[in-house]
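See structure below.
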Amino acid sequence: MTTLKNFLKDKNYVRIPLVLTATDHFEINAEINAVEGRFILDTGASNTCIGMDRMEHFKLISEESIIKAAGAGATNMETLVSKENTIDINSWKYKKLEIVLFDLKHVNEALTAHNAEPVDGIIGADILKKSKAIIDYNKKCIYLKKKKR
C-alpha cells in the first residue's frame, strides 16, 4: 500500500513541514521576493497578506486598494495591494503574486499574548488554490503541486 507522501510525490507535489504554534495555528516559512519570512497558514483568509510594517523588508511596491480587511477580531481595516511579487515555499514557486498589506498588529498581539512568536504575514487561500494544496493535519505538513515545466 502506497503512502500519501509517495502518492503525491508521484503527482508532482512537494511536501513542506508545518510548525504548530502555541495558539494551534500552523506556521510556514516562505520567501517573498527572495526575502525569508514566517507566515500563518490560514485556509479562511482569501488572500495572502503581509503586515504594512514589513513592506520594505519584503521589497513590496504598493498601491491603494479598495479592499477592506477583516479578521481576528478587527474589521473594516484599510489595505494596500502589491502586485507582481514572487513567492517560494520550499521548492514551490509562483510569480505574479498579489499581496494585500494591512496592519497585522492585532494578530501579532494575540500571538504573543499566548507565548507564540509574531509573524510577517498570512498565507491565504489564493496560494492554497493555485497550488492545489493538500494539508495533512496529522503529519503537520502541506503538499503543494508544482507546475510541470
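A few remarks follow.
- Scanning the range 4-25 for residues that are of a type in the set (Val, Ile, Thr) and closer than 17 Å to Asn90 by Cα gives Val14, Ile16, Val19.
- Each residue in the range 15-45 was checked for being in contact (Cβ under 8 Å) with a residue 60 or more places away in the chain and either in a strand (DSSP E or B) or open to solvent by 80 Å² or more (accessible area, probe 1.4 Å) (or both), and 17 pass.
- For the range 2-14, a residue qualifies if it is in a strand (DSSP E or B) and either hydrophobic (A, V, I, L, M, F, W, C) or open to solvent by 70 Å² or more (accessible area, probe 1.4 Å) (or both), and exactly one does: Val14.
- Residue match in the range 135-142 (condition: under 12 Å from Cys49 (Cα atoms) and of a type outside the set (A, V, I, L, M)): no
- Of all residues in the range 94-149, those that are over 15 Å from Glu27 (Cα atoms) and acidic (Asp, Glu) total 4.
- Evaluation of Asp126 against the conditions (1) part of a helix (DSSP H, G or I); (2) in contact with an Asp or Glu (Cβ under 6 Å, 6 or more places away or on another chain) shows that the sole unmet condition is (2).
- Residues satisfying the criterion are present in the range 79-91 (criterion: modelled with pLDDT under 90, β-branched (Val, Ile, Thr) and assigned to a loop (DSSP other than H, G, I, E, B)).
- Condition met for Leu144 (in a strand (DSSP E or B), of a type outside the set (Val, Ile, Thr) and either over 14 Å from the mean Cα position of the chain (by Cα) or buried (at least 22 other Cβ atoms within 10 Å of the Cβ) (or both)): yes
- The residues listed here are Ser82, Ser131, Ser91; of these, the one that is small (Gly, Ala, Ser), surrounded by 20 or more Cβ atoms within 10 Å (Cβ to Cβ) and out of contact with any Ser or Thr (no Cβ under 7 Å at 6 or more places or on another chain) is Ser131.
- Verdict on Asp136 being acidic (Asp, Glu) and surrounded by fewer than 15 Cβ atoms within 10 Å (Cβ to Cβ): yes
- Residues of the range 47-66 classified as surrounded by fewer than 15 Cβ atoms within 10 Å (Cβ to Cβ) and closer than 18 Å to Ala125 by Cα, total: 0
The values are calculated or read from the model by the stated rules, or taken from the named source; none is laboratory data. These numbers were taken from a predicted model, which means no experiment stands behind them. Ideal geometry is used to build each Cβ from the backbone, glycine not excepted, and the neighbour counts take in all protein chains shown. These area figures cover heavy atoms from the full protein model, side chains too; ligands, DNA and RNA do not enter into them. Shrake-Rupley method; radii C 1.70, N 1.55, O 1.52, S 1.80 Å.
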